[in-house]
Amino acid sequence: MTVSPTGSRSSDLSVTVAGIPLRNPIIAASGTFGYGVEFEDVVHLNKLGGLVVKGLSREPMAGNPPPRLYETAAGMLNAIGLQNIGAQAFVDEKLPRLRALKDVVVFANVFGYTREDYESTLQILNGAEGIAAYELNVSCPNTAHGGIQFGSDPRLLDEVVTLAKRTARRPLIVKLSPNVTSIALMAHVAQEAGADAISLVNTFLAMGVDAETRKPRIANVTAGLSGPAIKPIALRMVYDAAKAVKIPVIGMGGISTAADVIEFMLAGATAVEIGTASYWDPCATEKIVDELETWCVDHKVEKLAELTGGLVTE
Ligand SMILES: Cc1cc2nc3c(=O)[nH]c(=O)nc-3n(C[C@H](O)[C@H](O)[C@H](O)COP(=O)(O)O)c2cc1C
């Protein structure tokens, strides 16, 4: 615990993920924080541990037709369809501003529909300054393999992570899909294929129906569920994954308070991402950093990183 000249106390919130030092474990999650620059006026970006930008592909994508979002009990359904401006436009139009802001740790989230898509997108990003690491979104249908998700099949996961690791000139975080039977197996496969860290969970496959109109709530019919509704399942998956690997784990799924962060860390997470919470409060990420500072001082935790994996089971 550090005591300032005015007598106020502070704890050490710093963590290290995939060799990247972060001032605290709070990272804004992909798809819920634009390209970071859109939040510049609402959040002090350099107070966060880091931010993950919207998923990037080789070419720009328009995404799915509306409705694409629907609020459920304690959660949110989305089928945005991975709309994005494309990796090159990100490098040319967004990254220079993020670089100018200084002290902002930027993670680039990458996805594709074939292995070659992942490879070309990483090659475009490799040439740009100002990205700390890549987060590989494997919750995408592989169009060359009948649409099965890369992240739902151990062999496809191994192939895409091996290729990405060979291509990436930066640390590689593999973001796992929760739509699997054994998350521990997928975490292990990602590690053995070269991942420097894993992050989980992405959204759960779900759907909503309007009983009056008899129509689906989302034009795409099926969608991804996020928010507090998924927190207990995400927590269990982080716990199972962390036990299966030696690399750091970034946990997420329904986090909206400092206590939620602590729960994920005790279950084995080194850092966390905050997604849907930014939809109901755009300042959520920064508020959670403040809350976390207070939580640590109140609970006499001097070094937050020491809580990782500290679940008491007996
Ligand atoms: C509207 C929306 C868009 C998202 N887009 C992406 C994306 O582009 N890439 C990705 O890896 N995850 C994406 N996600 C998943 C989130 O990053 C996060 O994994 C998930 O929402 C669970 O965390 P949460 O409950 O805190 O939102 C998206 C989630 C939402 C709600």
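The values are calculated or read from the model by the stated rules, or taken from the named source; none is laboratory data. Predicted, not measured: the structure shown is a model, and the values here were computed from it. Positions of Cβ are generated from backbone atoms using ideal geometry, with glycine treated the same way; all protein chains shown enter the neighbour counts. Areas reflect the complete protein model, heavy atoms only, side chains present, ligands, DNA and RNA absent. Shrake-Rupley method; radii C 1.70, N 1.55, O 1.52, S 1.80 Å.
With the largest listed first and rounded to whole Å, the semi-axes of the equivalent ellipsoid of the chain from the Cα gyration tensor are 29, 22, 21. Helix 183-192 and the longest principal axis of the C-alpha atoms of the chain enclose an angle of approximately 90°.
By the rule of a C-alpha distance below 27 Å, with chain neighbours fewer than 8 residues away ignored, the lysines paired with Lys303 are Lys47, Lys102, Lys175, Lys231, Lys243, Lys246, Lys287. Remark: the stretch 110-195 carries a charge dipole of roughly 120 debye about the Cα centre, counting +1 on each Lys and Arg Cβ and -1 on each Asp and Glu Cβ. When you filter the GluC sites (Glu not before Pro) in the stretch 102-171 for DSSP loop state and at most 11 other Cβ atoms inside 10 Å of their Cβ, you are left with Glu129.
Could you give the angle, 0 to 90 degrees to the nearest 10, between helix 284-298's Cα long axis and the longest principal axis of the Cα atoms of the chain? Relative to the chain, helix 284-298 is tipped by roughly 30 degrees. In the stretch 120-216, the portion of solvent-accessible area held by carbon and sulfur atoms comes to 51 percent [1.4 Å probe, whole percent, DNA, RNA and ligands not counted].
Ranked by solvent-accessible area (1.4 Å probe, protein heavy atoms only, all chains present), the residues Ile233, Ile198, Ile247 order from largest to smallest as Ile233, Ile247, Ile198. When the trypsin sites (Lys or Arg not before Pro) in the stretch 161-193 are filtered for DSSP coil states and for at most 12 other beta-carbon atoms within 10 Å of their beta-carbon, the remaining sites are Arg169.
Solvent-accessible area per residue in the chain equals 43 Å², computed with a 1.4 angstrom probe and all protein chains kept.
For the chain, the longest principal axis of the C-alpha atoms and the axis of helix 115-126 are separated by about 40°. Take every DSSP beta bridge whose two residues both sit in the chain; close to 45 percent of them are antiparallel.
Here the chain is assigned +1 on the Cβ of each Lys and Arg and -1 on the Cβ of each Asp and Glu. Its dipole about the Cα centre then comes out at about 380 debye. Measuring between their Cα centroids, the stretch 8-41 and the stretch 217-282 lie 15 Å from each other.
Here the simple spin-label model places points 7 Å from the Cα toward Cβ, and for Asp290 and Ser182 these points are separated by 4.6 nm. Between Leu156, Asn24, Ile233, the Cα set farthest toward the positive side of the dipole of the chain (charges on each charged residue's Cβ, about the Cα centre) is that of Leu156. Coupling constants for the stretch 203-212 follow from the phi torsions by the Karplus curve (6.51 cos²θ - 1.76 cosθ + 1.60, θ = phi - 60°), and in residue order they are 6, 8, 4, 7, 7, x, 10, 8, 5, 6 Hz; glycine and proline get x.
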